[in-house]
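The values are calculated or read from the model by the stated rules, or taken from the named source; none is laboratory data. Just so we're clear, the structure is a prediction, and the values are computed from it rather than from any experiment. Methodologically, a virtual Cβ is constructed for each residue, glycine included, from the backbone with ideal geometry; neighbour enumeration extends over all protein chains shown.
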């Protein structure tokens, strides 16, 4: 029996690394997530991921043949095949990840910004189908952004276009993992909303469900649960987060004129808690010529699949490009 050709997508996140096997029809054959071990040397960690992928393929029997690897990561450069000093990982500058994966698998490999992968996934399989001008904003450990203009992924000179998370949101604001102060992702992200609650005055939090948590125990999931229970502190934290994000998105709309902005990632799982204030403050800050020209939606693809499917699409495109070159 002939083996079905598949590709592997690796979504390297600051907290978890997710990977899956996908066929040409966008079907997710297998999926797994492991903690991103920041203490482990990068080569050992990538070798560990490679071993997990090989085990997944073996567990599916002799049905599939792996053809390409695609990895999405913060500050990944598709042009150079590198990951460039990701703020959420203690890895070296311009790490040649594509070459490392090529050697591990003896297969073609491509690096792509993780938010760009999410944008491709939404364009092919999500709410952006049929849209030619849109943004995908990933609210996870940090804030990623993939931009599609006139039906094409916006990459920029070095493949780093769309770093909305490192646009200055507040002058002399919170310290970011990139070493700068006031970056948007320090406010509008899963970790950002935790910092917002922790920075609130103790008196304000005294009657809150969140008063018993500290930096080591509080999470965006806990804040979401509290907000759904009507906790005023949690609701205020979401409103503040939406205010910062909405204002930043209004600036992005002025630059890019998208028809759609999609929110995805862990914090987007809170649903209307983040969607409504973001929409409100976006509209409040929009230049009048952009009123009623852009809408904000939550991703309808499972957050564990969006990036993987986008990475898989990138891998298939990479294989097609290699075939064109060699023919």
- Can you find even one residue in region 216-239 that is under 19 Å from residue 186 (Cβ atoms), loosely packed, with under 15 Cβ neighbours inside 10 Å and modelled with pLDDT under 95? yes
- Query: Do you know which residues across region 264-298 are under 30 Å from residue 32 (Cβ atoms) and either touching a helix residue (DSSP H, G or I) at 6+ places or on another chain (Cβ under 6 Å) or assigned to a helix (DSSP H, G or I) (or both)?
  - Reply: 264, 266, 267, 268, 269, 270, 273, 274, 275, 298
- Message: For region 204-218, give me the residue count where each residue is in contact with a helix residue (DSSP H, G or I) (Cβ under 9 Å, 6 or more places away or on another chain) and either over 11 Å from residue 236 (Cβ atoms) or not in a loop (DSSP other than H, G, I, E, B) (or both).
- Response: 9
- Query: Consider residue 169 against the criteria (1) farther than 22 Å from residue 269 by Cα; (2) in the same structural domain as residue 311 (by TED's automatic domain parsing); (3) touching a residue at least 60 places away in the same chain (Cβ under 8 Å); (4) crowded, with 19+ Cβ neighbours inside 10 Å: it satisfies all of them except one. Which criterion is unmet?
  - Reply: (2)
